[in-house]
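A short write-up of the structure that comes next.
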Amino acid sequence: MSVRIAAEAVGAAVLVALLAGPLEAQERGIEGLPGEAVLEVEEEHTTAVLGEASPHWLYVLDPVFPHLIASKVYVVDGDSRRILGMLNTGYVPNMALSADGGAIYVAETYWSRGTRGERVDVITYYDGRTLEPVGETVLPRGRFLVVPKKPNLALTTDGRYLLSFNMDPATTVSVVDVRELRYVTDIEVPGCSLVFPTGPRSFSMLCPDGSFVDVAFEPDGRATVRDQEPFFDSEADPVFEHGVVSTADGRAFFVTYEGKVYEARPEDGRMRVVGEWSLLGRADRAESWRPGGWQLLAYHAPTDRLFVLVHRGGRWTHKQAGEEVWVFDANARRRIARIPLEHHAITLSVSQDEAPLLFALSEEASVTVIDATTYEVRGVVEGIGDSPFLTYVIGE
Amino acid sequence: MASVRLDDLVEKAARRIAQKTSRRSLLARLGTVLAGAALVPILPVDRRGAVSRARAEAFAKTAQTTDPTQCNYWRYCAIDGYMCSCCGGGPATCPPGTYPSPSSWVGTCINPDDGQAYLIAYRDCCGKDSCGQCACLALEGEMPVYRPQLNNDIVWCFGAPNMVYHCSSAAIVGRV
């Protein structure tokens with residue numbers, strides 16, 4: 001008998017034994033074994049599909065600073081505090097969610113040979129349940145390559161058009177129709193940056209002189225640009241890039257390095273500043289409290305509460321992680337709670353439901369999940385990627 | 001002081017951007033032309049902005065002149081990113097196979113050995129993925145991205161053959 005035949009014979013015997021083992025166990029009736037010890041004989045290998053998006057899901061965007069071409073978006077369930085899935089995304093991506101989370105829009109950049117070759121900038125459409133890419137629209141003018149900032153990409157208030165800010169270094173806004181998966185145009189708005197939606201076909205941007213500029217466009221791409229007067233001092237006390245605009249109740253808040261709050265109303269295609277107040281009292285200033293971090297504001301529209309990351313520090317500490325979250329009644333313009341953070345945070349999100357969760361993302365890739373009604377910590381999810389920076393919830 | 005004049009130029013450029021009406025469209029066209037012709041370096045770009053002598057002195061107090069792999073190396077008073085000195089390059093050398101960006105932002109740093117202030121061009125080296133070594137960040141004078149010449153988050157590889165950020169260098173370009 002040749003060696004080969006012998007090997008085959010042994011292999012066949014092993015196979016018979018493998019097949020026979022579980023069968024014998026089943027035939028023996030597996031009496032006395034606990035139910036969980038009994039394995040299915042033939043387990044089907046499946047791929048998970050997510051259900052309808054929950055308001056308590058958090059979408060965590062990780063640019064992966066040490067490996068910028070390997071960015072990701074994680075979907076995390078705030079109730080179970082488990083990761084539900086992940087997307088691979090392109091270079092320094094930005095994302096936006098449809099109102100129900102059924103679609104995830106990612107603005108991303110790729111090179112044909114990884115870090116070299118032909119560059120392509122695209123809006124990629126991901127299915128919110130399978131987390132698979134289902135289509136894309138090329139951005140012919142490109143997009144802004146920068147550490148991801150939420151206001152680089154926004155949906156218009158009705159969710160029809162996606163607005164992607166571009167600086168090359170001339171500044172434009174690319175408009176994409178997400179219903180028809182069609183690039184519409186690039187609108188030139190020289191000198192001004194970021195996009196804050198103000199209507200179904202309008203948005204505002206922040207300009208270097210401390211003003212908003214209001215932009216409206218037609219479905220054929222024609223646009224009108226209307227200047228406003230400055231409302232803040234961009235030399236002495238600039239507003240943070242991460243303002244919050246609530247489509248749900250038509251309110252917007254912008255906070256300055258020194259803790260001033262400007263409330264604005266996005267209405268009739270304009271961002272109209274309607275009020276000014278301060279996060280900080282005299283005692284707070286004496287203790288050197290100031291706002292800071294990255295995505296440092298979150299707003300809960302159903303209860304008109306503004307959540308702000310704050311830390312103690314001097315001027316030019318505006319990116320320092322927050323030691324506490326301060327909660328403000330945006331109507332009374334006063335602080336109603338302070339939440340100390342064991343894991344200092346750079347980014348905040350709050351779910352928009354009636355039993356809201358507050359999510360505080362740290363620079364150590366952890367998310368602290370906080371009951372946004374009682375302010376009790378529900379738990380901490382650790383190890384979400386490498387260097388996550390932005391978080392999103394549905395219905396923001 | 002030359003640094004003041006440079007900072008003035010930066011600020012004037014910012015104000016020009018800030019001015020509205022027809023100048024805005026002019027700037028858009030200008031920006032497009034500059035990007036297309038890789039003439040970006042003439043745009044005054046300063047990630048840190050109007051760095052005052054006082055702030056530069058504050059950095060210089062704890063700065064050293066011997067080890068460019070440390071964040072307190074004297075030329076890094078306004079730097080942001082991964083230090084090229086830790087990636088196979090040096091303060092004025094890009095690591096092998098990467099390209100110095102023709103655009104840069106500028107800071108004024110004091111050499112603690114001679115007490116002189118020098119103009120430093122912070123050029124990104126571009127064309128490979130992040131070096132990932134020796135991350136340093138300075139925030140003094142750092143402004144939001146709607147004042148781009150003062151913002152340190154932007155991938156300043158405009159005009160380089162490829163827009164992939166690798167590391168940050170710090171070349172001396174003049175004495176103040």
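Values in this text are rule-based calculations from the coordinates and carry no lab data. What you see is a predicted model, and the numbers here were worked out from it, not measured in a lab. Glycine gets a Cβ as well: all are built from the backbone with ideal geometry, and neighbour counts include every protein chain shown.
Structure remark: mean-square fluctuation, Gaussian network model of chain A, C-alpha springs under 10 Å; the largest value among A:E118, A:E364, A:E258 belongs to A:E118.
Shape class for the stretch A:288-385, computed from the alpha carbon gyration tensor (a ≥ b ≥ c): oblate, with a/c not under 1.5 and a/b at or below b/c. For the stretch A:182-317, the Stokes-Einstein estimate of translational diffusion at 37 °C and a viscosity of 0.692 mPa s comes to 207 µm²/s, using the Kirkwood hydrodynamic radius over alpha-carbon pairs.
Label-to-label distance, A:D77 versus A:R334, with points set 7 angstrom from Cα along the beta-carbon direction: 4.1 nm. Across A:G269, A:G51, A:G128, mean-square fluctuation computed from a Gaussian network of chain A (C-alpha pairs under 10 Å connected) peaks at A:G51.
Using R0 = 35 Å, the C-beta based FRET efficiency linking B:A58 and A:H67 works out to 0.55.
Within the shell of other residues whose beta carbon sits under 12 angstrom from the beta carbon of A:K150, the net charge comes to -1, with Lys and Arg scored +1 and Asp and Glu -1. Just name one of B:S85, B:S103, B:C131: the one whose Cα is farthest towards the positive end of the charge dipole of the stretch B:49-175 (beta-carbon charges, Lys/Arg +1, Asp/Glu -1). Going by the Cα projections, it comes out as B:S103.
Over the residues of chain A, the helix contribution to mean residue ellipticity at 222 nm works out to -2500 deg cm²/dmol, using -39500 (n - 2.57) for each DSSP H run of at least 4. Each Lys and Arg adds +1 at its Cβ and each Asp and Glu adds -1 at its Cβ; summed about the Cα centre, the stretch A:182-248 shows a dipole of about 440 debye. Taking 0.36 nm per residue of separation and subtracting the current Cα-Cα distance, fully stretching the chain between A:L33 and A:R226 would add 61.9 nm. Give the shape of the stretch A:91-209 as rounded, prolate or oblate, defined through the alpha-carbon gyration tensor: a ≥ b ≥ c are the square roots of its eigenvalues, a/c under 1.5 means rounded, and otherwise the shape is prolate if a/b is larger than b/c and oblate if not. Oblate.
For the stretch A:93-241, a simple Cβ point-charge model (Lys and Arg +1, Asp and Glu -1, everything else neutral) yields a dipole of about 540 debye relative to the Cα centre.
Ordering B:M143, A:M167 by the number of other Cβ atoms within 10 Å of each residue's own Cβ, fewest first, gives A:M167, B:M143. Comparing mean-square fluctuations of A:P63, A:P291, A:P238 from a GNM of chain A with C-alpha springs under 10 Å, the top value falls on A:P238. About its Cα centre, the dipole of chain A is roughly 1180 debye, where the only charges are +1 on Lys and Arg Cβ and -1 on Asp and Glu Cβ.
Calculated on the alpha-carbon coordinates, the convex hull of chain A measures out at 199 cubic angstrom per residue.
Sorting A:R251, A:R312 from the fewest to the most surrounding beta carbons within 10 angstrom yields A:R312, A:R251.
By its C-alpha gyration tensor, with a ≥ b ≥ c as the square roots of the eigenvalues, how is the stretch A:329-396 shaped: rounded for a/c under 1.5, else prolate for a/b larger than b/c, else oblate? Verdict is prolate for the stretch A:329-396. For A:L357, the amide hydrogen comes within under 5 Å of the amide hydrogens of A:S351, A:A372, counting only partners 5 or more places away or on other chains and with H modelled in the peptide plane. Peptide A:190-196 has a mean of 6 when you count, residue by residue, the C-beta atoms of other protein chains within 10 Å of its C-beta. Between the C-alpha center of the stretch B:137-155 and that of the stretch A:319-396 there is a gap of 25 Å.
Dipole of chain A computed with +1 at Lys/Arg Cβ and -1 at Asp/Glu Cβ about the Cα centre; of A:V244, A:Y105, A:A286, farthest Cα towards the positive end is A:A286. Within 10 Å of the Cβ of each residue in B:147-159, the mean number of Cβ atoms contributed by other protein chains is 5.
In this structure, B:Q116 and A:R285 have a Cβ-Cβ separation that, at R0 = 41 Å, corresponds to a calculated FRET efficiency of about 0.65. Residues A:M86, A:M205 in ascending order of nearby Cβ atoms (within 10 Å, fewest first): A:M86, A:M205. Computed from the Cβ-Cβ distance with R0 of 41 Å, the FRET efficiency linking A:R113 to A:E218 stands at 0.55.
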